[in-house]
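The values are calculated or read from the model by the stated rules, or taken from the named source; none is laboratory data. Remember, predicted model here, so these are calculated numbers, not experimental data. Counting neighbours? That spans all protein chains shown, and the Cβs are built from the backbone with ideal geometry, glycine included. The area values use the complete protein model at the heavy-atom level, side chains included, leaving out ligands, DNA and RNA. Shrake-Rupley method; radii C 1.70, N 1.55, O 1.52, S 1.80 Å.
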Amino acid sequence: MFANKIILVLGATGNVGSGAVAAFLEADSTVIAPSRSIASLDALRGFLVAAKVPIDKLVAKAPFDLASPSDVKKLREEILKEFEVVDHVVSSSGPFHMTPPLHETSIDQWKNSFGANVDAHFYAWREFGPLVFDREGTSYTIVNGGAARWPEQGITSITANAVEGFCRTVFTQTTSAKTHFNALMISVRVEKDVYNMSEADAARLALTMAKLSDNEKQQRDRFMTTTKSFGKIFVAIAGAVGLRGTQVEVKEVADVHKFVEKWA
């Protein structure tokens, strides 16, 4: 289904986005992975090689800042010159910001959080939504965080709610579109795979796991997964022909497996 398709993964070097990159590469797709940092793309390649994912169809592009409308427009122009079309888009931009109480939050912190977590999705939809809007067999998936349900997370909760509202609006505006627009809300923790860690990080993880009680290990397995394992859900969403205008919620790791089994 995805062989020779052109996939654009925005936020490709993050723990979530790199899983999407791996999953589509394993499905024999050409995957475009933009980043602000060449070093981040080098780390992505290292992860893929360690995970035994073929990288001959990985198209790395840098530097592109997804929070910059001019950079996103330039990225679109460059992609169209090289490929002419994009078949599936995954928009996974936006880090988790730990910020002080709102009354102590600086204007720059506020603007930076909205720039990375909200504006980037808007800029991406403006430039890349029209590329799939009227084409059968295409999809566009926006990734959001479960912080929308946790007001104690401060700015990150506010921006996640903004993204959820953005998605609901796009749902109503794409009811007659041929593309399948969906959202993925993630409430589990997606961690680096062990082979994507430095030796020191892997040793610390092993030591931490050894100290956990059986109950703590069960809780970890319930709410924490790895980059490569999580990435499979993106292929399932993109290939789910009957899924459109839907917010897929992953509240625990089992939800990923259930969704993939149902739609893959």
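Data table
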| quantity | calculated |
| --- | --- |
| Test result for residue 202, aliphatic (A, V, I, L, M), touching a residue at least 24 places away in the same chain (Cβ under 8 Å) and either open to solvent by less than 70 Å² (accessible area, probe 1.4 Å) or in a helix (DSSP H, G or I) (or both) | no |
| Selection count, segment 127-145, where residues are open to solvent by 10 Å² or more (accessible area, probe 1.4 Å) and outside any helix (DSSP H, G or I) | 8 |
| Search result, residues across segment 144-167 that are out of contact with any strand residue (DSSP E or B) (no Cβ under 8 Å at 6 or more places or on another chain) and either within 12 Å of residue 96 (Cα to Cα) or not small (Gly, Ala, Ser) (or both) | 147, 149, 150, 151, 152, 153, 154, 155, 157, 158, 159, 161 |
| Qualifying positions in segment 13-22 - open to solvent by 10 Å² or more (accessible area, probe 1.4 Å) and within 13 Å of residue 184 (Cβ to Cβ) | 16 |
| Residue among 174, 138 that is of a type in the set (Val, Ile, Thr), closer than 30 Å to residue 49 by Cα and out of contact with any Cys (no Cβ under 8 Å at 6 or more places or on another chain) | 138 |
| So residue 53, is it more than 26 Å from residue 111 (Cβ to Cβ) and in a loop (DSSP other than H, G, I, E, B) | yes |
| Residue check, residue 159 of a type in the set (Val, Ile, Thr), touching a Phe, Trp or Tyr at 6+ places or on another chain (Cβ under 8 Å) and open to solvent by less than 30 Å² (accessible area, probe 1.4 Å) | yes |
